[in-house]
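Have a look at the structure below before the remarks.
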Amino acid sequence: GGLPELEPAARQLAELLGLPLRSLTTLEDPSRALCTLDPSAASGGWLAALPLDLGRSLADGSCWADHLGAWAQPCLLVITAAQLESGLPRAGAALLRQQQVPLVGLLQQGGLWDGAARRTEGLPWLGQLPETEAMNEMLAVALLGRWASLQSPRS
């Protein structure tokens, strides 16, 4: 409950980054859903919206975060303005870190951006989903830079 409507955000981000938007067909079975994504597209990247709670228990006792970590799938958490007052940004980031999911960052959807408040949280915020064309390029540069840093080998 309370999850953002991700399809418009996913379409906007895919267009902004020039990446194909993939569809996760079987949300009940993460391994099968992740297998259905075209692996040949992985080298160039793709986006897929996951409109559910990453930590919610599945029938086998696992959760989506477990599977995303096992597949080392970089994730971007989209947080609505209403969710900023909850523990969701911190809890989501902590769960992904615990499961060793590469976290590209957090992105606010809607509301007013309060950069000072976001900086005090110590989370990897990238900013707000742009509502104007002028902000698109800045977000694209930030996202691609963070994504590239996750993919480069660490010494």
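Under 9 Å between Cβ atoms, at least 6 apart or on separate chains: pull out the pairs that start in the range 48-64 with a residue that is open to solvent by 40 Å² or more (accessible area, probe 1.4 Å) and end on any residue that is assigned to a loop (DSSP other than H, G, I, E, B) and at pLDDT 90 or above.
D53/C63; R56/C63; S57/C63
State which residue is farthest from G69 (Cα to Cα) when the search covers only the range 126-141 and only residues that are at pLDDT 75 or above and either part of a loop (DSSP other than H, G, I, E, B) or open to solvent by 40 Å² or more (accessible area, probe 1.4 Å) (or both).
P130
Working only within the range 39-60, note down all residues that are assigned to a loop (DSSP other than H, G, I, E, B), at pLDDT below 75 and among the hydroxyl-bearing types (S, T, Y).
Our first condition is that a residue be assigned to a loop (DSSP other than H, G, I, E, B); within the range 39-60, this holds for 42-46, 49-60.
Those still in the list that are at pLDDT below 75 too: 42-45, 51.
Passing the criteria: only S43.
Yes or no: the range 124-131 includes at least one residue that is acidic (D, E) and either touching a residue at least 24 places away in the same chain (Cβ under 8 Å) or under 15 Å from A9 (Cβ atoms) (or both).
In the first step, residues of the range 124-131 are kept if they are acidic (D, E); the result is 131.
Subset that is either touching a residue at least 24 places away in the same chain (Cβ under 8 Å) or under 15 Å from A9 (Cβ atoms) (or both): 131.
Yes, the range 124-131 contains a residue that is acidic (D, E) and either touching a residue at least 24 places away in the same chain (Cβ under 8 Å) or under 15 Å from A9 (Cβ atoms) (or both).
Across the range 1-38, which residue is modelled with the highest pLDDT among those that are of a type in the set (A, V, I, L, M, F, W, C) and closer than 19 Å to A72 by Cα? Don't jump to the end; show me each part of the working.
Of the residues in the range 1-38, the ones of a type in the set (A, V, I, L, M, F, W, C) are 3, 6, 9-10, 13-14, 16-17, 19, 21, 24, 27, 33-35, 37.
Checking which are closer than 19 Å to A72 by Cα leaves us with 19, 21, 24, 27, 33-35, 37.
Working: L19: 82, L21: 85, L24: 74, L27: 74, A33: 81, L34: 80, C35: 78, L37: 68.
The qualifying residue modelled with the highest pLDDT is L21.
Pairs only if they're at least six apart or on different chains, beta carbon under 6 angstrom, first in the range 100-113 and basic (K, R), second assigned to a loop (DSSP other than H, G, I, E, B); list them, first residue then second.
Once the first residue is basic (K, R) and sits in the range 100-113, no partner that is assigned to a loop (DSSP other than H, G, I, E, B) comes close enough.
The values are calculated or read from the model by the stated rules, or taken from the named source; none is laboratory data. Keep in mind the model is a prediction, meaning the values are calculated, not measured. Glycine also receives a Cβ, built like all others from the backbone with ideal geometry; neighbour counts cover every protein chain displayed. Only protein heavy atoms, including side chains, enter the accessible area calculation; ligands, DNA and RNA are left aside. Shrake-Rupley method; radii C 1.70, N 1.55, O 1.52, S 1.80 Å.
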